[in-house]
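Below are the structure tokens for one structure; questions will follow.
The values are calculated or read from the model by the stated rules, or taken from the named source; none is laboratory data. Keep in mind that what you see is a predicted model, and the values were worked out from it rather than measured. All Cβ positions, even for glycine, are placed from backbone atoms using ideal geometry, and neighbour counts span all protein chains on display.
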Amino acid sequence: MFLLRSAFWLTVMFIIVAPRDVDLGQVAGEYSRQALEAGQKAIVSQVLDSDCSSLECAGHKAALAVLAGNQFPSVDSTMQDSSTPPVPFPRPKPAWMG
């Protein structure tokens with residue numbers, strides 16, 4: 001009974017205090033997009049600032065720099081939108097195995 005009463009009063013107070021002219025879903029989506037962009041920039045800057053001694057590391061940094069210049073896929077894009085398969089396909093079974 002205590003939980004039911006608490007949920008009721010929390011709902012009533014939210015209805016009273018909640019902003020009227022604000023789309024909370026849109027605001028939350030905007031904050032989420034900004035947080036993802038800031039995280040991507042922080043990761044890219046950390047990777048690009050590190051020192052590399054091997055050719056493989058330099059290649060990874062160059063590829064990341066190219067990707068950083070392009071727009072990363074958005075959160076709203078679905079797996080069907082991408083042209084590459086999400087996982088590699090296995091090789092076909094040889095004919096002699098039946």
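Would you pick out the residues in the range 30-50 that are loosely packed, with under 10 Cβ neighbours inside 10 Å and of a type in the set (D, E, K, R)?
ASP49
Can you name the number of the only condition in (1) among the hydrophobic types (A, V, I, L, M, F, W, C); (2) modelled with pLDDT under 80; (3) surrounded by 10 or more Cβ atoms within 10 Å (Cβ to Cβ) that PHE89 fails?
(3)
Follow-up. Could you go through the range 27-38 and let me know if any residue there is within 30 Å of ALA62 (Cα to Cα) and either in contact with a strand residue (DSSP E or B) (Cβ under 9 Å, 6 or more places away or on another chain) or basic (Lys, Arg) (or both).
Yes: one or more hits.
Shifting gears a bit: Taking the condition of being at pLDDT 85 or above and of a type in the set (Ser, Thr, Tyr), how many residues in the range 13-55 meet it?
Qualifying residue count, the range 13-55: 2.
Sticking with this one: Scan the range 11-29 for residues that are surrounded by 10 or more Cβ atoms within 10 Å (Cβ to Cβ) and aliphatic (A, V, I, L, M) and jot them down.
Taking the range 11-29 as the starting set, the residues that turn out to be surrounded by 10 or more Cβ atoms within 10 Å (Cβ to Cβ) are 11-13, 23, 27-29.
VAL12, MET13, VAL27, ALA28, listed by residue number.
Is it fair to say SER53 is in contact (Cβ under 8 Å) with a residue 12 or more places away in the chain and either surrounded by 10 or more Cβ atoms within 10 Å (Cβ to Cβ) or out of contact with any Cys (no Cβ under 9 Å at 6 or more places or on another chain) (or both)? It would help to see each step written out before you state the result.
Working: in contact (Cβ under 8 Å) with a residue 12 or more places away in the chain: no; either surrounded by 10 or more Cβ atoms within 10 Å (Cβ to Cβ) or out of contact with any Cys (no Cβ under 9 Å at 6 or more places or on another chain) (or both): yes.
The answer is no for SER53.
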